[in-house]
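Notes follow the structure.
Taken together, the values in this text are just the output of simple stated rules run on the coordinates, not laboratory data. Bear in mind that the values here come from a model prediction, so they are computed numbers and not experimental data. FYI the Cβ positions are ideal-geometry reconstructions off the backbone, even for glycines, and counts take in every protein chain you see.
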Amino acid sequence: MDIDRLYWMTGKCLDYCQRIEHDVYLLLSLLSLRNGMLLPEERRTLGQDIRLLQEADVSHFLSDRDYGLLRSLRNRRNHLVHELYASFRYAEDAEVEGRLSASFSFAEEFLADLSLLWKAVEDARIQAYEAMVEEKKE
């Protein structure tokens, strides 16, 4: 296992997490405008935005699977940031290889889910914008 590959995968995961979080915020803003929904003015967490987004998404721009992945994003991102490296860096010698392998598997699976989720959220944001533009033309 190449530790540089793990560094690359975790960096790519964080990049996707930031893109998704930003697109969730934009999509929620678009849908709230479209639906006449008032958003709380105070700073919201990603979890709060996901809940509000699901309420505002009456046209189902995102699937139930997408929302499930969004809800799991926070915990998986926290594991990546706070526990992934520590799980093998501080392990007993006999456990290092197994824990490193588990870390690779986690990062690979998370990256695969994030790449799909990012595309779904980006597509939903674009579709919501296009729908608003079409409604304004009418």
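A few notes on this one:
- Potential extension, Asp93-Tyr129 segment - 0.36 nm per residue separation minus Cα distance: 7.6 nm
- Counting only aspartates and glutamates at least 8 places from Lys136 when in the same chain, there are none with an alpha carbon closer than 12 Å to its own.
- Spin-label model distance (nm) - Ser32 vs Ser72, 7 Å beyond Cα toward Cβ: 2.8
- Under 25 Å from the Cα of Lys119 - lysines, other chains or at least 8 residues apart: Lys12
- Rounded Å value of the spacing that divides the Cα centres of the stretch 86-138 and the stretch 10-79: 13
- Full extension of the chain between Glu109 and Arg19 yields a length gain of 30.6 nm, computed as 0.36 nm times the residue separation minus the alpha carbon distance.
- Distance in nm between pseudo-label sites at Arg51 and Tyr7 (7 Å out along the Cβ direction from Cα): 3.9
- When you filter the chymotrypsin sites (Phe, Trp or Tyr not before Pro) in the stretch 39-138 for DSSP loop state and at most 15 other Cβ atoms inside 10 Å of their Cβ, you are left with Tyr90.
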